[in-house]
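The values are calculated or read from the model by the stated rules, or taken from the named source; none is laboratory data. Because the structure is predicted, anything quoted here is derived from the model rather than measured. Cβ atoms come from the backbone with ideal geometry, glycine included; neighbour counts cover every protein chain shown.
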């Protein structure tokens, strides 16, 4: 009986802890969009995509379907740069 | 460092839209230097312009230095396009074969100006518009109707692509007539649309009078984005549109040769945010050219599109008149606000009988009076040496019995708000011209004798 009461209390404690953790995590997401580290990760990926798209364009040879779609990818990458990469050194 | 925001889902990009002003200005200087060098290196027109002014790209190091950069006027753009390469001229910064988009200005103020864009520029256009539409509450769940002609003018083209980018479902209402457009909106239960203020009011009128449709009751449009005319920033016109549709009406401002540079957010703060991550807006005194930083003083907008490459827009004298707002917006954006939007054009603000007047002041009065239709026309002429101003209005048929009190109210308000006396001409309802695009309601015939 004593054991069951202890288990119950422990369960409540654990449940409250998880709830509190979730609450704080939600609160964190609500208040902070991203950490600088996460934004830097975005920037790294943007650079990777840009390099890959430039290589794709260079390799496209006589295939317009590859060349022109690579140009479009690069235009979208430029928008990512405007939104992330251009700003990152100011944060 | 962490970027903060109160509600993360209100921003298209919470990083740029909440960047403190100091950092935004740092970003603007960095980008300005880059676009200036780009134009200097790639365009004959820009190189000559800066060379003649004794300016090299390296001379611009701070925000203050930008004041030294020569201004570009629309008339210069018209001259440029007479040169090679055809049809754009020597302000073009990319090989002609990289141009994928042609648009031209409406020609309201003279010969149309041609505008080339690369695919990257076109992506940039829709990115600018994505900032606008997202701030006005457009989301993936919206079904957006575009009742415009999809023609040679940029108008709502980029709005179409931005809505798609956000994930909205977009219905192009291209060649349909007004009645067919209204019926399509009803049939498909569209939730948002984009049009000029004149057309928004005209559509509501047609819906009620010709189709027996009451837009707030029978249609599901709940947000409307306006462009092309300043109406959505004029309180009386905005109120008329919101009541006619039962929808929130938002303004946006842009131009073919500049881009979509300003917008009203969901908070409707009584002005327009400037997208300061993508544009540099400077206000200068109309007479002296002195830079205006303080709120409450009207000036002319000099604008730079910081990321547009095919035909760069650097220190463009837009002739638009605005003033900085005092208070920040409750939406949390740090992008500054111009109070009341674009309040006029430097070349529209004119002296009549010795009084400086902007046509928007007359619009505000006419549209604030119940019993008058939304259409009006102002004609300024000379009688001998004196200016003469005639205001043509339409009285709603059902308000004929209230003719005298309505006209008295109109005259009183005009005198109070514009300090001028007018010859009032009352015309039958539906007899003044209706416009689908840019309305020409202010006619100054003095210069033409």
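The table for this structure:
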{"quantity": "Breaking point among (1) within 14 Å of chain A (Cβ to nearest Cβ); (2) over 27 Å from the mean Cα position of the chain (by Cα), for residue B:31", "calculated": "(2)"}
{"quantity": "Verdict on residue B:173 being crowded, with 19+ Cβ neighbours inside 10 Å and farther than 21 Å from residue B:246 by Cα", "calculated": "no"}
{"quantity": "Long-range neighbours under 8 Å by Cβ, at least six apart or interchain, first residue on the phi > 0 side of the Ramachandran plot within segment B:127-148, second in a loop (DSSP other than H, G, I, E, B) and at pLDDT 95 or above", "calculated": "B:137/B:266"}
{"quantity": "Count - residues of segment B:415-438 that are modelled with pLDDT under 90 and under 14 Å from residue B:362 (Cα atoms)", "calculated": "7"}
{"quantity": "Check on residue B:56, away from chain A (no Cβ under 12 Å) and within 30 Å of residue A:38 (Cα to Cα)", "calculated": "no"}
{"quantity": "Residues (more than 9 Å from chain B (Cβ to nearest Cβ) and over 18 Å from residue B:118 (Cα atoms)) located in segment A:67-87", "calculated": "A:85"}
{"quantity": "Those residues of segment B:54-85 which are farther than 26 Å from residue B:25 by Cα and in a loop (DSSP other than H, G, I, E, B), in sequence order", "calculated": "B:81, B:82, B:83, B:84, B:85"}
{"quantity": "Conditions (1) within 27 Å of residue B:89 (Cα to Cα); (2) at pLDDT 95 or above; (3) outside any strand (DSSP E or B); number of the one not met by residue B:257", "calculated": "(2)"}
{"quantity": "Among (1) under 29 Å from residue B:286 (Cα atoms); (2) surrounded by 18 or more Cβ atoms within 10 Å (Cβ to Cβ), the one test that residue B:393 misses", "calculated": "(1)"}
{"quantity": "Unmet criterion (only one of (1) assigned to a loop (DSSP other than H, G, I, E, B); (2) touching a strand residue (DSSP E or B) at 6+ places or on another chain (Cβ under 6 Å); (3) within 26 Å of residue B:263 (Cβ to Cβ)) for residue B:88", "calculated": "(3)"}
